[in-house]
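**Student:** Pasting a structure below so you can have a look.
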Amino acid sequence: MKSPTLVLAGSGVALAVLLAGCGNTHASSAEDSVRSVASAADEQSAGAVSNADISFAQLMIPHHQQAVEMADLALARATSPEVRELAVQIKAAQDPEIEVMTGWLQAWGAPMTMDDDHGSHDMGGLTMSGMMTDEDMQSLADATGAEFDQKWLAMMIAHHKGAIDMAEAVRVGSGNADVTALAEAVISGQSAEIEAMQEMLAP
């Protein structure tokens with residue numbers, strides 16, 4: 001596994017630039033971004049909210065939560081310093097974004113989770129792609145050493161690609177400035193992380 005200089009450009013960084021005017025990757029900057037978005041939501045300045053916007057938040061929250069769970073596994077089990085560094089970066093980016101989207105759903109008066117029966121709910125073509133199954137997560141937890149690192153990178157690449165698909169879908173149809181900004185942050189940040197992970201996997 002190669003050891004490239006890790007691209008520290010997580011989606012939380014892009015969100016901080018867009019919403020807080022700051023490119024710092026530290027947790028304090030991410031927290032500032034959360035406060036900025038919460039303030040914007042209070043002022044209801046982001047524009048109309050569609051069913052697709054609501055679906056995006058409802059689906060992306062558990063998607064991000066699984067990425068954080070995978071990052072925690074890496075911090076406990078990875079042997080590669082680069083993998084551990086990337087896990088820290090993913091948590092720093094996605095934990096604040098979970099808080100942002102949770103705040104949106106609360107401000108919009110929408111439920112935190114989507115009903116199992118979507119028949120009457122227009123999801124705007126959104127699906128939750130890239131999620132790992134329980135069996136996938138158990139297989140990852142059972143792996144050790146270099147096998148864990150390789151498996152984690154491959155799984156996180158697939159997970160990130162799913163998040164990007166979701167973000168691209170909502171970006172096309174959303175008229176809400178905050179949702180669009182977060183979608184663009186996910187696309188740019190996670191695309192950079194995919195490139196870094198693919199380089200780590202290269203022989």
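**Student:** So between Ala76 and Glu168, what do we pick up on full extension, going 0.36 nm a residue minus the alpha carbon distance? Display every interim value, and only then the final one.
**Tutor:** Working: separation 92, 0.36 × 92 = 33.12 nm, distance 3.20 nm.
Stretched out fully, the Ala76 to Glu168 stretch lengthens by 29.9 nm.
**Student:** What is the set of long-range amide H partners of Ser50 at a cut-off below 5 Å, with H atoms built 1.01 Å from backbone N?
**Tutor:** Counting only residues 5 or more places away or on other chains, the set is Gly175.
**Student:** To continue, here is another question. For Ala158 paired with Val68, estimate the spin-label separation in nm (one decimal), with each label point 7 Å from Cα along the Cα-to-Cβ line.
**Tutor:** Placing both labels 7 Å beyond Cα along the Cβ direction yields 2.3 nm.
**Student:** Would you mind ranking Thr180, Thr133 so that the residue whose beta carbon has the fewest other beta carbons within 10 Å leads the list?
**Tutor:** In order of increasing Cβ crowding within 10 Å: Thr133, Thr180.
**Student:** Work out how much length Glu195 to Thr102 would gain on full extension: take 0.36 nm times their residue separation and subtract the Cα-Cα distance, in nm to one decimal.
**Tutor:** Numbers: separation 93, 0.36 × 93 = 33.48 nm, distance 2.86 nm.
Stretched out fully, the Glu195 to Thr102 stretch lengthens by 30.6 nm.
**Student:** Could I ask something else about it? Distances longer than 17 Å among the Cα atoms of segment 70-110: what percent of all pairs is that?
**Tutor:** Distances greater than 17 Å cover 43 percent of the Cα pairs.
**Student:** At a 10 Å Cβ-Cβ cut-off, how would you order Trp108, Trp152, fewest neighbours first?
**Tutor:** Ranked by crowding around the Cβ, least crowded first: Trp108, Trp152.
Taken together, the values in this text are just the output of simple stated rules run on the coordinates, not laboratory data. The structure displayed is predicted, hence computed values, not measured ones. A quick note on method: Cβ atoms are made from the backbone with ideal geometry, for glycine too, and the neighbour counts reach across all protein chains shown.
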